[in-house]
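Engineer: Please find one structure pasted underneath; my questions will follow.
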Ligand code: HEM
């Protein structure tokens, strides 16, 4: 589609710098490989269609990095609210995403930039109340 090409072709976006759709898809593929091998995370995805999940995650990430705005799912808070995720879960996922990006050849400085954006999602994804009440 023309609109997508235009968005994907914007050389100054983080999306373009990391290598566009090819890199994002490859990194997301590896990311879920790691998540599913992690005994503290994989149970969350027991009932999930992974093909669908990878597509959604790729679309979300692409959009967050300035690529094509194809994501049509719910906001992060709504998507994760029922899961009651803790900070530790989020941190593990962050680690795997950073490793996956590095493995597909994204340079460290760009991995850092991507992860700065992802870090900003923590308040939306992790459950709010973790203190003693
Ligand atoms: C690192 C930042 C994260 C991002 C950007 C992200 C992104 C997404 C997206 C885009 C969806 C799809 C929402 C929809 O279309 O309905 C989703 C759903 C989901 N996420 Fe995350 N997520 C993140 C972290 C996590 C973590 C840490 C976990 C737990 C280990 C997790 C577990 C799930 C589960 C279980 C679903 C729902 C799957 C289903 O409905 O079957 N996510 N996430």
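For every residue, the table says whether it meets (1) modelled with pLDDT under 95; (2) part of a loop (DSSP other than H, G, I, E, B); (3) near the ligand (Cβ under 9 Å from one of its atoms).
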{"residue": "53", "(1), (2), (3)": "no, no, yes"}
{"residue": "56", "(1), (2), (3)": "no, no, yes"}
{"residue": "59", "(1), (2), (3)": "no, no, yes"}
{"residue": "72", "(1), (2), (3)": "no, yes, yes"}
{"residue": "89", "(1), (2), (3)": "no, no, yes"}
{"residue": "93", "(1), (2), (3)": "no, no, yes"}
{"residue": "102", "(1), (2), (3)": "no, no, no"}
{"residue": "109", "(1), (2), (3)": "no, no, no"}
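Engineer: Name the residues in the range 24-48 that are over 15 Å from the mean Cα position of the chain (by Cα) and within 10 Å of the ligand (Cβ to nearest atom), would you?
Structural biologist: To start, the set of residues in the range 24-48 that are over 15 Å from the mean Cα position of the chain (by Cα) comprises 37-40, 42-44, 46-48.
Those that are over 15 Å from the mean Cα position of the chain (by Cα) and within 10 Å of the ligand (Cβ to nearest atom): 38, 40, 42, 43, 44, 46, 47, 48.
Engineer: Could you grab me the full set of residues in the range 58-75 that are surrounded by 14 or more Cβ atoms within 10 Å (Cβ to Cβ) and in contact (Cβ under 8 Å) with a residue 24 or more places away in the chain?
Structural biologist: 58, 61, 62, 64, 65, 66, 67, 68, 70
Engineer: Sticking with this one: Please specify each residue of the range 78-87 satisfying the condition of being over 23 Å from residue 29 (Cβ atoms) and assigned to a helix (DSSP H, G or I).
Structural biologist: The answer is 78, 81, 82, 87.
Engineer: Tell me, yes or no, whether the range 20-36 has at least one residue that is surrounded by fewer than 17 Cβ atoms within 10 Å (Cβ to Cβ) and on the phi > 0 side of the Ramachandran plot.
Structural biologist: No, the conditions are met nowhere in the range 20-36.
Engineer: Would you confirm whether any residue within the range 116-127 is loosely packed, with under 13 Cβ neighbours inside 10 Å, more than 9 Å from the ligand (Cβ to nearest atom) and assigned to a loop (DSSP other than H, G, I, E, B)?
Structural biologist: Yes - at least one qualifying residue is present in the range 116-127.
Engineer: Here is a further query. Could you give every pair whose Cβ atoms fall below 6 Å, whose first residue belongs to the range 76-92 and is exposed (fewer than 15 other Cβ atoms within 10 Å of the Cβ), and whose second residue is outside any helix (DSSP H, G or I), counting only separations of at least 6 or pairs across chains?
Structural biologist: Every condition considered, the pairs that remain are 84/127; 87/126.
The values are calculated or read from the model by the stated rules, or taken from the named source; none is laboratory data. Values in this document were obtained by computation on a predicted structure and should not be read as measured data. Cβ coordinates were reconstructed from backbone atoms using ideal geometry, including for glycine residues, and neighbour counts include every protein chain displayed.
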